[in-house]
1. Taking the condition of being closer than 17 Å to Asp59 by Cβ, part of a loop (DSSP other than H, G, I, E, B) and among the charged types (D, E, K, R), how many residues in the stretch 32-48 meet it?
2. Name the residues in the stretch 49-66 that are in a helix (DSSP H, G or I) and of a type in the set (Gly, Ala, Ser), would you?
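The numbers here are math on the coordinates, done by the rules we state, and not lab data. In this text the structure is predicted, and so the values were computed from the model without any measurement. Here the Cβ positions follow ideal geometry from the backbone for every residue, glycine too, while neighbour counts run over all protein chains shown.
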Amino acid sequence: MNDQPESTHAETPETIAEEIRDEIRLGHVQDDVSHVLEERLEEEGIDMRPEDVDELAEDIERDAST
């Protein structure tokens, strides 16, 4: 029997970005993407430079709008 939590895999910036893209497409993200991304990264203990967070957020927005 498996008593471990469902999400035992480590999140990466790429997997977090993909989740946010999906949520944007579904209309679930209304806030600033940079802010949402920064919060998710922080929750996972991933430290990125602010410039890198902004760049990834721009990529997410661009991808989600196509």
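1. Result for the stretch 32-48: 1.
2. Taking the stretch 49-66 as the starting set, the residues that turn out to be in a helix (DSSP H, G or I) are 50-64.
Those that are in a helix (DSSP H, G or I) and of a type in the set (Gly, Ala, Ser): Ala57, Ala64.
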